[in-house]
Amino acid sequence: MSYGLTVRRGGEYNRLALPPSYPLSGDGEPVGHDVCQQIGQRAYEAAHTGIASRSAATRATSSDEQLALFEGHAALEVKERRPFTAWYLGLRGRSG
């Protein structure tokens, strides 16, 4: 599976995509944050609610995914905020 986003700019469609080998590139090197951030920025600019992608977390499997929701989107209502350490596996109960 390839994770990506097709965007339209000035009448041209461009596909911004992570390689199927993500979090590694085709040559086996990690995909840089700059590549991921460009896709996220374009999704935000296109008024998407968020973006889902295969997880690049340490020990993640090929079926693990992460979801980023963009604050301020009309379809998103924040009901509660919890610190990352309050819910992420392995960090529960740790402070800071």
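The values are calculated or read from the model by the stated rules, or taken from the named source; none is laboratory data. Just so you know, these numbers come straight off a predicted model, no measurement behind them. Note: ideal-geometry Cβ built from the backbone for every residue, glycine included; neighbour counts use all protein chains shown.
In the range 9-30, which residue that is part of a loop (DSSP other than H, G, I, E, B) and exposed (fewer than 11 other Cβ atoms within 10 Å of the Cβ) is modelled with the lowest pLDDT?
Residue satisfying both the conditions and the ranking: Gly10.
From the list Arg82, Arg94, exactly one residue is at pLDDT 80 or above, charged (D, E, K, R) and more than 22 Å from Tyr22 (Cβ to Cβ). Which is it? First the steps, then the outcome.
Values: Arg94 fails: at pLDDT 80 or above.
The match here is Arg82.
Return the residues of the range 32-58 that are touching a strand residue (DSSP E or B) at 6+ places or on another chain (Cβ under 7 Å), outside any helix (DSSP H, G or I) and not charged (D, E, K, R); say none if nothing qualifies. First the steps, then the outcome.
Start the filter on the range 32-58 by keeping residues that are touching a strand residue (DSSP E or B) at 6+ places or on another chain (Cβ under 7 Å), which leaves 38-40, 42-43, 46, 49-55.
From what is left, the residues that are outside any helix (DSSP H, G or I) are 46, 49-55.
Matches in the range 32-58: Ala46, Thr49, Gly50, Ile51, Ala52, Ser53, Ser55.
Restricted to the range 58-79, and to residues that are modelled with pLDDT of 80 or more and small (Gly, Ala, Ser), which residue is farthest from Ala17 (Cα to Cα)?
Taking the candidates together, the pick is Ala60.
Collect the residues in the range 46-88 that are over 23 Å from Gly32 (Cα atoms), surrounded by 11 or more Cβ atoms within 10 Å (Cβ to Cβ) and among the hydrophobic types (A, V, I, L, M, F, W, C), keeping them in residue-number order.
Once the filter is applied, which keeps residues that are over 23 Å from Gly32 (Cα atoms), surrounded by 11 or more Cβ atoms within 10 Å (Cβ to Cβ) and among the hydrophobic types (A, V, I, L, M, F, W, C), the range 46-88 yields Leu76, Ala86.
Can you name the residue in the range 41-69 that is touching a Leu at 6+ places or on another chain (Cβ under 9 Å) and not aliphatic (A, V, I, L, M) and, of all such residues, is farthest from Leu89 (Cα to Cα)?
Arg42
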